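Laboratory data are not the source of any read-out in this text; all were calculated from the coordinates shown. This is a predicted model, so every value here is computed, not measured. Quick reminder, even Gly has a Cβ in these numbers, built from the backbone with ideal geometry, and neighbours come from all protein chains shown.
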């Protein structure tokens, strides 16, 4: 996890590699270089300077896609009930998992205005093997709640976020992320915080045409 975090920072920030090494917990930059070479077969410097090198997947960039400027928001912490899933993002059972969460809401009498459907994504498929990708499928809850069974409770950290609005099919979200991290972030004047990205789903995919699906992408920045 440390070397994967380092890979994201090396690729998508201007932090010196030495600083990245210390930030992710290595005592010496040489330790990061050794682990990085062992893990990915290339050096951190090669990964940063040669944009033709990729680890798991190439970036999906489309010059015709125009990314809308994000809103920069300072958000408060949010309480969520969630179920953790592991595996390739396009193979997870999101509908079945949300059905379990909504059943829990009904069972525990948690329904209120302001419930949000979100997913927290911990890993970057560009640097993490697909069978190790971690996702928390969440509902933001306004009432006090305790964990039960496979449904756990967590706090979604607040702070500063760049919030990108996207309309279109979910299978194009990879391109949106690649545009954010490859084009907007390096020139936007912000750095990533060490907090996971999350998505908010603004309409129901079971009742909405793919081209009309609305998603908000929350990128933690500082």
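With a cut-off of 14 Å on the backbone N, the residues of the range 141-165 near the modelled label site 7 Å out from residue 107 along Cα-Cβ are 146-153. Between the alpha-carbon centres of the range 162-218 and the range 63-122 there is a gap of 13 Å. Given contacts defined as C-alpha pairs under 8 Å and at least six residues apart, what's the relative contact order of the range 2-49, whole-number percent? Value for the range 2-49: 36 percent. Judged by the gyration tensor of its Cα atoms, with axes a ≥ b ≥ c, the range 69-131 is oblate; a/c meets the 1.5 cut and b/c is at least as large as a/b. Distances between every pair of Cα atoms in the chain, grouped in 5 Å steps from 0 to the bin holding the largest one, split as 1, 6, 13, 17, 18, 17, 12, 8, 4, 2, 0 percent.
In the chain, helices alone account for a calculated mean residue ellipticity at 222 nm of -7500 deg cm²/dmol, with every DSSP H run of four or more residues adding -39,500 (n - 2.57).
Which angle from 0 to 90°, rounded to the nearest 10, does the C-alpha axis of helix 94-107 make with the longest principal axis of the chain? Approximately 40 degrees, to the nearest 10. Over the range 160-222, Cα pairs under 8 Å with separation of 6+ residues give a relative contact order of 56 percent. For the range 2-49, would you read off the P(r) tail past 16 Å as a percentage of all alpha carbon pairs? That fraction is 21 percent. Rounded to the nearest 10 degrees, the inclination of helix 29-40 to the longest alpha-carbon principal axis of the chain is 70 degrees. Summarising the label geometry, the points placed 7 Å from Cα in the beta-carbon direction at residue 204 and residue 64 lie 3.3 nm from one another.
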